[in-house]
């Protein structure tokens, strides 16, 4: 087992900066997930750690050992690729044993490790088969098993579930999370799927345009995003954003959203009310998550709300929830997640209720969170 440290790591491809000054410490035994949209630098960061790409600037350490100039085979890592990268002419046993043979490990020890990993993954009966005879889920297990037998200090996984169907992805997520608990080894995992990130990671590193935006626990990323990008990326459906203006309601500072006034004196940042940067000096964006918008029939107790009148444009019944797309008379569109028992019809006008204690306020230009 080992920790992983990125120290001011930068990777350039000619004039393109794929990873920009990445500083990140991954603890020994931690499950760290890199997440972000395509081209954000998450896979490049993993490849830099694996030694599959050279670093332009900075340093990567595994444990206390700098590994910049070490080849992949000398870094004590094992990687599971998106394509699984199994040798088609070899059996499952041979695929899992191959790296151990290259290390000169004795046949008895190789057999013990391969059979142990196969039993752990439930693929003992597949050891004689070739990859073409396996399903996608079975190939994924073989690729993971090939990594397990090496007993590396760090496991690296690059979107290993993206080729699986929805049901298998859920099952494989559980299996990989259990595997991490059993092995108690450092896992570094890359995905574009924020559901995978939220359900699997001890911490999540959110990236955009090669820059680390925030690294935190799933709960803190969801409840305390540091900027608009993180707030909009974490959560599905995504957070609703609205341009708002300063207003005064009954002598108190408020936010004006079309014809609606939202009073927020208890949550207004102090610097915005006494001197310095004033409320009206900055363009503001208001955010609220779909799950914090309620149908009047199913409002939880003790929630302070504001009513917003809107028309239902579209409904998506998901079984355990009802996703509702709404639009106000001023053509402001937003999404709500209702209790599935709510009686809602397309074209219906509703006074939906927003939880004012769950509002977010952002500086529109800087995209930083203010509230």
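From 120, 59, 140, 101, grab the single residue that is free of Cβ contacts under 8 Å to residues at least 12 places away in the same chain and not in a loop (DSSP other than H, G, I, E, B). Can you show your working first?
Values: 120 fails: free of Cβ contacts under 8 Å to residues at least 12 places away in the same chain; 59 fails: free of Cβ contacts under 8 Å to residues at least 12 places away in the same chain; 140 fails: free of Cβ contacts under 8 Å to residues at least 12 places away in the same chain.
When all the criteria are applied, what remains is 101.
Which numbered condition trips up residue 354, out of (1) touching a strand residue (DSSP E or B) at 6+ places or on another chain (Cβ under 7 Å); (2) outside any loop (DSSP other than H, G, I, E, B); (3) in contact (Cβ under 8 Å) with a residue 12 or more places away in the chain; (4) surrounded by fewer than 18 Cβ atoms within 10 Å (Cβ to Cβ)?
(4)
Identify, from the list 32, 24, 49, the residue that is modelled with pLDDT of 95 or more, part of a strand (DSSP E or B), under 25 Å from the mean Cα position of the chain (by Cα) and closer than 21 Å to residue 143 by Cβ. Don't jump to the end; show me each part of the working.
On the way: 24 fails: closer than 21 Å to residue 143 by Cβ; 49 fails: part of a strand (DSSP E or B).
Every option except 32 fails the conditions.
Scan the stretch 182-198 and give yes if some residue there is touching a strand residue (DSSP E or B) at 6+ places or on another chain (Cβ under 8 Å) and under 12 Å from residue 137 (Cβ atoms), otherwise no.
no
State whether one or more residues within the stretch 201-215 are more than 29 Å from residue 57 (Cβ to Cβ) and assigned by TED's automatic domain parsing to the domain that holds residue 18.
The answer is no; no qualifying residue exists.
Does the stretch 290-308 hold any residues that are surrounded by fewer than 18 Cβ atoms within 10 Å (Cβ to Cβ) and within 15 Å of residue 345 (Cα to Cα), and which are they?
296, 297
Scan (1) modelled with pLDDT under 90; (2) out of contact with any strand residue (DSSP E or B) (no Cβ under 6 Å at 6 or more places or on another chain); (3) over 17 Å from residue 174 (Cβ atoms); (4) not in a helix (DSSP H, G or I) for the single condition residue 89 breaks and write down its number.
(1)
Would you tally the residues in the stretch 143-155 being farther than 13 Å from residue 79 by Cβ and either part of a helix (DSSP H, G or I) or within 22 Å of the chain's Cα centre (by Cα) (or both)? Before you say what the answer is, go through the steps one by one.
Within the stretch 143-155, the first condition is being farther than 13 Å from residue 79 by Cβ, and the residues that meet it are 145, 149, 151.
When the remaining residues are screened for being either part of a helix (DSSP H, G or I) or within 22 Å of the chain's Cα centre (by Cα) (or both), the result is 145.
Matching residues across the stretch 143-155 total 1.
Is it fair to say residue 279 is at pLDDT below 85 and surrounded by 13 or more Cβ atoms within 10 Å (Cβ to Cβ)?
Working: at pLDDT below 85: yes; surrounded by 13 or more Cβ atoms within 10 Å (Cβ to Cβ): yes.
So residue 279 fits the description; yes.
The values are calculated or read from the model by the stated rules, or taken from the named source; none is laboratory data. Small disclaimer: the values here were computed from a predicted structure and weren't measured. Counting neighbours? That spans all protein chains shown, and the Cβs are built from the backbone with ideal geometry, glycine included.
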